[in-house]
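Asker: Once you've had a glance at the structure underneath, I'll fire off some questions.
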Amino acid sequence: MITKEQIAEDYKQIQDEICAALEATDGKATFEQEVWEREGGGGGRTRVIQNGHIFEKGGVNFSAVHGQLPHTIKRALNVEQDDFFATGVSIVIHPNHPLVPIIHMNIRYFEMPSSFNNSTPPVRWFGGGIDLTPHYVFDADAKYFHQQLKDTCDRFNQDFYQRFKTWADNYFFIKHRDETRGIGGIFYDRLTATDDITWETVFEFSKAVGRTFAPTYIELVNRNRDKPFTNDQQQWQYQRRSRYAEFNLVYDAGTKFGLETNGRIESILMSLPPTAKWLYNYQAQPGSEEEKTLSLLKKGINWV
């Protein structure tokens, strides 16, 4: 049986691999690291990259925390136990180029031991996913991104991609705007062993998702980083970033969990962009690339 210590160590290795790949891709900026401890138990390694050739702001964070769950989180998770352990890697990258997309990834593991009298069974699960938020949706890039995720999913279960793709469409939805945050990806939560899949295989899938991130995103960065762009396109980028911020502050479950379990504020809110704009009653011009992008921010688009 895999242990929480093994899971945490492997996640730290994935954090190292991704940071090295992103630094090499940017070619200028390097990650600043802050090692922190959580009051109540555990800690993590926050790594932030800023003001690079292509990455204006990004974070690749690892945490492994434990302690007592607040009552609000116990209700949200529908669990009775108090003690918990959670570990994971969380990534958000905001490029400075409007034709290079924002990307988010998270892989995580959560467990709660059985109660002292064994009246409540232990709880454990994996969660995570990768989703893409282009400022401008390019069909070829969207198809490539989703094909990479499907290839990873198909190595473990032929049903994973469509199941987790639909989950992402529904999760990354800005209800008050009636639009998706981006073009989705995959999202899963409370993934456990079953008669058909072992805990070891679920863990291997979690790591495979983590290792799909760097080659997939770097390909998309390199496809677009040298394209010229206009000031109007940059202003549109700032407008789209505002939608990203709205989702993370209003709906994101990880943000809520971190804040309510006394997580480190700087690490939790590293997902927010350095600059965003809220223009009053913005309307995209008919026939424009901006209007096309808005038309593709919908659930249920089959990219592969």
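The values are calculated or read from the model by the stated rules, or taken from the named source; none is laboratory data. All figures in this text were calculated on a predicted structure; none of them were measured in a lab. Virtual Cβ from ideal backbone geometry, glycine too; neighbours counted across all protein chains shown. Calculation scope for accessible area: heavy atoms of the full protein, side chains included, ligands and nucleic acids excluded. Shrake-Rupley method; radii C 1.70, N 1.55, O 1.52, S 1.80 Å.
Asker: I'm told residue 246 meets every condition in (1) part of a helix (DSSP H, G or I); (2) touching a helix residue (DSSP H, G or I) at 6+ places or on another chain (Cβ under 8 Å); (3) surrounded by 15 or more Cβ atoms within 10 Å (Cβ to Cβ); (4) not β-branched (Val, Ile, Thr) except one. Can you identify the failing condition by its number?
Answerer: Failed condition: (2).
Asker: Go over the candidates 6, 50, 68 one by one and state the one that is touching a strand residue (DSSP E or B) at 6+ places or on another chain (Cβ under 6 Å) and surrounded by fewer than 20 Cβ atoms within 10 Å (Cβ to Cβ).
Answerer: Matching residue, one of 6, 50, 68: 50.
Asker: Would you please list the contacts, defined by Cβ atoms under 7 Å and residues six or more apart or on different chains, that run from a residue in region 196-217 that is within 14 Å of residue 151 (Cα to Cα) to a residue that is loosely packed, with under 15 Cβ neighbours inside 10 Å and of a type in the set (S, T, N, Q)?
Answerer: Going by the 7 Å Cβ cut-off, there are no qualifying pairs.
Asker: Can you confirm whether residue 168 is among the hydrophobic types (A, V, I, L, M, F, W, C), under 17 Å from the mean Cα position of the chain (by Cα) and open to solvent by 10 Å² or more (accessible area, probe 1.4 Å)? Steps first, please.
Answerer: On the way: among the hydrophobic types (A, V, I, L, M, F, W, C): yes; under 17 Å from the mean Cα position of the chain (by Cα): yes; open to solvent by 10 Å² or more (accessible area, probe 1.4 Å): no.
It is false that residue 168 is among the hydrophobic types (A, V, I, L, M, F, W, C), under 17 Å from the mean Cα position of the chain (by Cα) and open to solvent by 10 Å² or more (accessible area, probe 1.4 Å).
Asker: Could you list all residues from region 258-297 that are open to solvent by 50 Å² or more (accessible area, probe 1.4 Å), farther than 23 Å from residue 230 by Cα and in contact (Cβ under 8 Å) with a residue 40 or more places away in the chain?
Answerer: Within region 258-297, 260, 262, 264, 266 qualify.
Asker: Still on this structure, I have one more. Name the residues in region 35-73 that are among the charged types (D, E, K, R), over 17 Å from the mean Cα position of the chain (by Cα) and at pLDDT 95 or above, would you? First the steps, then the outcome.
Answerer: Restricting attention to region 35-73, the residues satisfying the condition of being among the charged types (D, E, K, R) are 37-39, 45, 47, 56-57.
Still in the running and over 17 Å from the mean Cα position of the chain (by Cα): 37-39, 56.
Of everything in region 35-73, just one residue is among the charged types (D, E, K, R), over 17 Å from the mean Cα position of the chain (by Cα) and at pLDDT 95 or above, namely 56.
Asker: Return yes or no: is residue 169 among the acidic types (Asp, Glu) and touching a Phe, Trp or Tyr at 6+ places or on another chain (Cβ under 6 Å)?
Answerer: Working: among the acidic types (Asp, Glu): yes; touching a Phe, Trp or Tyr at 6+ places or on another chain (Cβ under 6 Å): no.
So residue 169 does not fit the description; no.
Asker: Among the residues of region 164-195, write down those that are in contact (Cβ under 8 Å) with a residue 12 or more places away in the chain and of a type in the set (D, E, K, R).
Answerer: 165, 169, 175, 177, 179, 181, 189, 190
Asker: Check residue 90 against each of (1) open to solvent by less than 20 Å² (accessible area, probe 1.4 Å); (2) small (Gly, Ala, Ser); (3) in contact with a helix residue (DSSP H, G or I) (Cβ under 9 Å, 6 or more places away or on another chain) and name the one condition it does not meet.
Answerer: So the condition that residue 90 fails would be (1).
Asker: Go through region 171-222 and give me each residue that's open to solvent by 30 Å² or more (accessible area, probe 1.4 Å) and assigned to a strand (DSSP E or B).
Answerer: 173, 189, 190
Asker: Let me ask something else. In this structure, does residue 28 turn out to be within 17 Å of residue 210 (Cβ to Cβ), outside any strand (DSSP E or B) and basic (Lys, Arg)?
Answerer: Values: within 17 Å of residue 210 (Cβ to Cβ): no; outside any strand (DSSP E or B): yes; basic (Lys, Arg): yes.
Here the answer is no, as residue 28 does not meet what is asked.
Asker: When region 247-291 is examined, which residues are found to be of a type in the set (Asp, Glu) and modelled with pLDDT under 95? Spell out how you get there, then give the answer.
Answerer: Going through region 247-291, the residues of a type in the set (Asp, Glu) turn out to be 252, 260, 266, 289-291.
The answer is 252, 260, 266.
Asker: Something else about it: In this structure, does residue 267 turn out to be touching a Phe, Trp or Tyr at 6+ places or on another chain (Cβ under 8 Å), of a type in the set (S, T, N, Q) and within 30 Å of residue 6 (Cα to Cα)? It would help to see each step written out before you state the result.
Answerer: On the way: touching a Phe, Trp or Tyr at 6+ places or on another chain (Cβ under 8 Å): yes; of a type in the set (S, T, N, Q): yes; within 30 Å of residue 6 (Cα to Cα): yes.
Yes; evaluated as a whole, the condition is true for this residue.
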